[in-house]
Ligand code: CTP
Ligand code: ZN
């Protein structure tokens with residue numbers, strides 16, 4: 001453990017999302033639906049030195065355990081992040097990310113003529129049609145988008 005890694009304190013209980021692509025932490029928080037207004041203690045470190053990737057972002061959310069269903073969504077933004085579950089200061093689980101097959105109600109369809117952008121109260125839904133790079137197909141208008149187009 002180097003001095004640099006100790007810049008960010010260890011937590012007692014909660015979730016640590018590590019090895020996030022440098023600069024993407026705020027996008028990750030938004031896709032997780034974590035805004036900070038819930039009152040949770042959240043530490044966000046951006047562009048910190050990393051042995052594996054040069055620079056990385058880290059997010060620590062105390063006293064919160066996110067479901068795999070939720071954490072898997074961030075693989076669209078940062079496929080190589082690690083989700084660490086911490087209990088009493090120990091890493092008890094290291095969760096690999098798996099790209100979900102569908103994304104419901106999370107993104108807006110970029111097609112202005114899509115029915116999900118009309119006055120109809122229809123929840124958006126995208127299917128994963130390809131993994132590397134990830135491509136998403138709108139269930140309603142059928143158009144296919146890269147992840148950066150919908151995020
Ligand atoms: N961590 C933490 N609080 C703890 C334990 C770990 O905040 N009580 C953080 C560490 O700082 C690190 C991440 O959780 O960012 C994973 O911890 P660990 O598995 O100990 O680190 P590494 O071995 O470096 O992880 P990896 O192999 O995934 O790089
Ligand atoms: Zn659409």
State all residues of region 92-125 that are closer than 30 Å to residue 10 by Cα and either in contact with a helix residue (DSSP H, G or I) (Cβ under 8 Å, 6 or more places away or on another chain) or touching a residue at least 60 places away in the same chain (Cβ under 8 Å) (or both); if no residue qualifies, say none.
-> 95, 97, 98, 99, 100
Here is a list of conditions, (1) modelled with pLDDT under 95; (2) touching a helix residue (DSSP H, G or I) at 6+ places or on another chain (Cβ under 6 Å); (3) under 11 Å from residue 16 (Cα atoms), and residue 83 meets all of them except one; can you say which number that is?
-> (1)
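Please state which one of 146, 130 is more than 16 Å from ligand 1 (Cβ to nearest atom), surrounded by fewer than 16 Cβ atoms within 10 Å (Cβ to Cβ) and under 14 Å from residue 77 (Cα atoms). Outline the logic, then answer.
Details: 130 fails: under 14 Å from residue 77 (Cα atoms).
From the options 146, 130, the qualifying one is 146.
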Looking at 65, 89, which one is out of contact with any helix residue (DSSP H, G or I) (no Cβ under 7 Å at 6 or more places or on another chain), in contact (Cβ under 8 Å) with a residue 40 or more places away in the chain and at positive phi?
-> 89
Near pairs, Cβ below 9 angstrom, 6+ apart or cross-chain, from region 126-148 (touching a residue at least 40 places away in the same chain (Cβ under 8 Å)) to any residue that is within 16 Å of ligand 1 (Cβ to nearest atom) = 134/75; 134/79
Would you be able to tell me the number of residues in region 105-129 that are modelled with pLDDT under 95 and assigned to a strand (DSSP E or B)?
-> 0
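The values are calculated or read from the model by the stated rules, or taken from the named source; none is laboratory data. The structure displayed is predicted, hence computed values, not measured ones. All Cβ positions, glycine included, derive from the backbone under ideal geometry; neighbour counts span all protein chains shown.
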